[in-house]
1. Could you tell me which of the residues Arg135, Arg110 is open to solvent by 90 Å² or more (accessible area, probe 1.4 Å) and under 30 Å from Lys62 (Cβ atoms)?
2. If I go through the stretch 175-191 residue by residue, how many of them are loosely packed, with under 14 Cβ neighbours inside 10 Å and either hydrophobic (A, V, I, L, M, F, W, C) or without any contact (Cβ under 8 Å) to a residue 24 or more places away in the chain (or both)?
3. Report every pair of residues separated by at least 6 positions or lying on different chains whose Cβ atoms are under 9 Å apart, first residue within the stretch 80-98 and of a type in the set (Val, Ile, Thr), second open to solvent by 70 Å² or more (accessible area, probe 1.4 Å).
4. Here are Ala18, Ala43, Ala9: which of them is aliphatic (A, V, I, L, M), under 28 Å from Phe167 (Cα atoms) and modelled with pLDDT under 85?
5. When you go through Phe90, Phe83 one by one, which is the residue that is of a type outside the set (Asp, Glu) and open to solvent by less than 60 Å² (accessible area, probe 1.4 Å)?
6. Working carefully through the options Lys144, Lys149, Lys165, find the one that is basic (Lys, Arg), open to solvent by 50 Å² or more (accessible area, probe 1.4 Å) and touching a residue at least 60 places away in the same chain (Cβ under 8 Å).
7. So in the stretch 72-118, with the set limited to residues that are basic (Lys, Arg) and out of contact with any strand residue (DSSP E or B) (no Cβ under 9 Å at 6 or more places or on another chain), which one is farthest from Asn166 (Cα to Cα)?
Amino acid sequence: QAEYEPAGAVWRLRTYPAYSGTRTLMRTAAIRAIPDIDAAIQAASRRELDIAWIPPTAGIEKAVLPDGFQIIKTDSLAILHLFMNLDNPFFVDERLRKDLLDLVQARFKREKLTPFHKFLPHYLPAGVLPLSYYRWKPAVMTPKRFQEKWAGHLPEAPLRVVLRKNFFTAGMVVALRESLETAGLPVIISEPPAEEHVKILQSGEYDLISGG
């Protein structure tokens, strides 16, 4: 049985014996959204939560947890999209877009930017498609090579890069910025919360924007 309490934005779940037919370990569970890792830690300190699901990009690896709490890693698949605004003339050439993709992926593949992620250059986990799919490797693109190859096409204005808050760690943001700027692409990076991120996506006021 589920009830929604608008006042606290809480979903409250209660056992339904007629369905389960057995005695459950819990009678109720309250589910609510927490905006960020700091709010989660504060709620844990006040003993207002028992379990919190925290995205691995939210900085949890550096968090100081209250007594009685621990981090438990779970395996999952995360796909971080970075969309290009094709209304920007800079992205018209498909070859440039592919080189830009290779440029960004090269840094993320080479370095361990977070203890919770292992970068793979494919969309689907191993075992889903034939082995030939997973043998594909992106071309190695360096900032110097990109800058030399596209010297006559680099934009004068900084690229507006919009990353949804908590989807990239601080180290991942630095790596993205450095990859682009050392390739001759100055950027302005913003990290709005989810509701603002959607509005920016709909308005088209971006050059590169993360999915999610």
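The values are calculated or read from the model by the stated rules, or taken from the named source; none is laboratory data. Not measured: the values here are computed from a predicted model. Quick reminder, even Gly has a Cβ in these numbers, built from the backbone with ideal geometry, and neighbours come from all protein chains shown. The protein model used for the area step is the full one, side chains on, heavy atoms only, and it has no ligands, DNA or RNA in it. Shrake-Rupley method; radii C 1.70, N 1.55, O 1.52, S 1.80 Å.
1. None of the other options fit; the residue is Arg110.
2. Count: 1.
3. These pairs meet every condition: Val92/Leu86.
4. Working: Ala18 fails: under 28 Å from Phe167 (Cα atoms); Ala43 fails: modelled with pLDDT under 85.
Answer to the check: Ala9.
5. Phe90
6. Lys165
7. Filtering the stretch 72-118 down to residues basic (Lys, Arg) leaves 73, 95, 97-98, 107, 109-110, 112, 118.
If we keep only those that are out of contact with any strand residue (DSSP E or B) (no Cβ under 9 Å at 6 or more places or on another chain) too, we end up with 73, 95, 98, 107, 109-110, 112, 118.
Numbers: Lys73: 17, Arg95: 31, Lys98: 26, Arg107: 20, Lys109: 20, Arg110: 22, Lys112: 18, Lys118: 17 Å.
Looking at the filtered set, the residue picked out is Arg95.
Rundown of residues vs (1) more than 30 Å from Ile72 (Cβ to Cβ); (2) at pLDDT below 95; (3) over 21 Å from the mean Cα position of the chain (by Cα); (4) aromatic (Phe, Trp, Tyr), yes/no style:
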residue: His117; (1), (2), (3), (4): no, yes, no, no
residue: His122; (1), (2), (3), (4): no, yes, no, no
residue: Ala126; (1), (2), (3), (4): no, yes, no, no
residue: Leu131; (1), (2), (3), (4): yes, yes, yes, no
residue: Glu156; (1), (2), (3), (4): yes, yes, yes, no
residue: Val162; (1), (2), (3), (4): yes, no, no, no
residue: Ile189; (1), (2), (3), (4): yes, no, no, no
residue: Gly212; (1), (2), (3), (4): no, yes, no, no
